[in-house]
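Have a look at the structure below, then the notes.
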Amino acid sequence: ATILAACTFGTASAADLTIGFSQIGSESGWRAAETTLTKQEAEKRGIDLKFADAQQKQENQIKALRSFIAQGVDAILIAPVVATGWDEVLTEAKDAEIPVILLDRTVDSKDDLYLTAVTSDLVHEGSVAGKWLVDATAGKACNVVELQGTTGSSPAIDRKKGFEEALKGNDNLKIIRSQTGDFTRTKGKEVMESFLKAEDGGKNICALYAHNDDMAVGAIQAIKEAGLKPGTDILVVSIDAVPDIFQAMAAGEANATVELTPNMAGPALDALDAFLKDGKAPPKWIQTESKLYTQADDPAKVYEEKKGLGY
Ligand code: GYE
């Protein structure tokens, strides 16, 4: 199928391509930036991008993929909201010889059902966050609460795994409560309010680990409303490195974040181009970098730099 696909599309230059993009929704600032940058990357390449927003629902993503297949698009980009339940529709795309590229999240389907996955090392992100907290607490007893991402999504599964691995052997650190905040500010605030109430107004909580900055920003609001100081009474570590977490860091209200680039589409479309033009199949995983930022990294300056980049 690969060779055939290459022959079929061998002559297609990006300018003739029609690509379907099934996006999860706009649950976080990071997600919105990914959408903006994907549209920009497609525009740059003269690609006709068909955009479908799934409002966080897998069935809407499956519907969108079936519609793209029926339209006979040249390729499909998808950020899969959860990791399971994709075999059937991905097989339909494969049978239609339409290459599928996963963005920022993975699926548990066999990897011959997609061309490549462009994601960070989600487990590594969790362990970077965990290692930061191990160092920051330096052996002192510290009860940790955790705001998980969307239940069943690969980032929620892997970021939890990596964080717990980093805490292993550091018995001073204990995760006392862990619940999904669905990657949103609103839910992050709500769940943090319930953690604070359940833990003596927050006196019993020393740190928050949030699977993304948006939930951390919501939680910071709840911590302040409970009369505590986020960043000192309760340490705050999260992932994404969106502009607003740097604003919080500059105010001393957040401590660390692990960067996730929102530009997954650039590497994805480059790999697709090489595949369609000369049948060069990319590796099944194109990994993006993860970088730790703390208050020592001039957060006010980073905020200014990041503000314009699609967020
Ligand atoms: O961290 C979060 C978004 O899938 C890794 O999804 C991505 C996550 C990201 O909601 O902000």
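None of the figures in this text is laboratory data; all of them are computed from the coordinates on show. Source: prediction; values computed, not measured. Neighbour counts are summed over all protein chains in view; Cβ atoms, including those assigned to glycine, are modelled from backbone coordinates with ideal geometry.
The table for this structure:
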read-out	value
Assigned charges on the beta-carbon of Lys, Arg, Asp, Glu; the chain dipole about Cα centre (debye)	460
If the convex hull is drawn through the Cα atoms of region 122-255, its volume per residue in Å³	86
Positive-pole candidate from Thr119, Gln71, Pro243, dipole of the chain, charges at beta carbon	Pro243
Local net charge near Lys50, Cβ-Cβ under 12 Å (Lys/Arg +1, Asp/Glu -1)	-2
Dipole magnitude of region 19-87, debye to nearest 20 (Cβ charges: Lys/Arg +1, Asp/Glu -1, about Cα centre)	80
Kyte-Doolittle mean at least 1.6, axial Cα span of 15 Å or more - DSSP H helices of the chain	none
Distance between modelled label sites at Gln71 and Gln55, nm, 7 Å Cα→Cβ extension	1.9
Cβ-placed point charges (K, R +1; D, E -1), dipole of region 175-311 about Cα centre in debye, nearest 20	200
Expected 222 nm ellipticity per residue - DSSP helices of 4 or more, -39500 (n - 2.57), all of the chain, to 500	-13500 deg cm²/dmol
DSSP beta bridge pairing in the chain, given as percent antiparallel to the nearest 5	5
Farthest toward positive dipole pole in the chain [+1 Lys/Arg, -1 Asp/Glu at C-beta], among Ala281, Val217, Ala52	Val217
Region 96-156: trypsin sites (Lys or Arg not before Pro) in DSSP loop, at most 16 other beta carbons within 10 Å	Lys110, Lys140
Qualifying chymotrypsin sites (Phe, Trp or Tyr not before Pro) for region 181-260 [loop in DSSP, other Cβ within 10 Å: at most 16]	none
For the chain, alpha-carbon Rg relative to the globular expectation (2.2 N^0.38 Å, N residues)	1.05
Label point 7 Å beyond Cα of Glu164 along Cβ direction - residues of region 180-200 with amide nitrogen under 15 Å	180
Partners for Lys50 among lysines (Cα-Cα distance below 25 Å; same-chain residues under 8 apart left out)	Lys39, Lys63, Lys94, Lys277, Lys280, Lys284
Chain lengthening between Lys44 and Ala251 when straightened (0.36 nm per residue, less Cα-Cα)	70.8 nm
Per DSSP, loop GluC sites (Glu not before Pro) in region 232-311 with at most 15 further Cβ within 10 Å	Glu289
Spin-label model distance (nm) - Lys277 vs Asp200, 7 Å beyond Cα toward Cβ	6.4
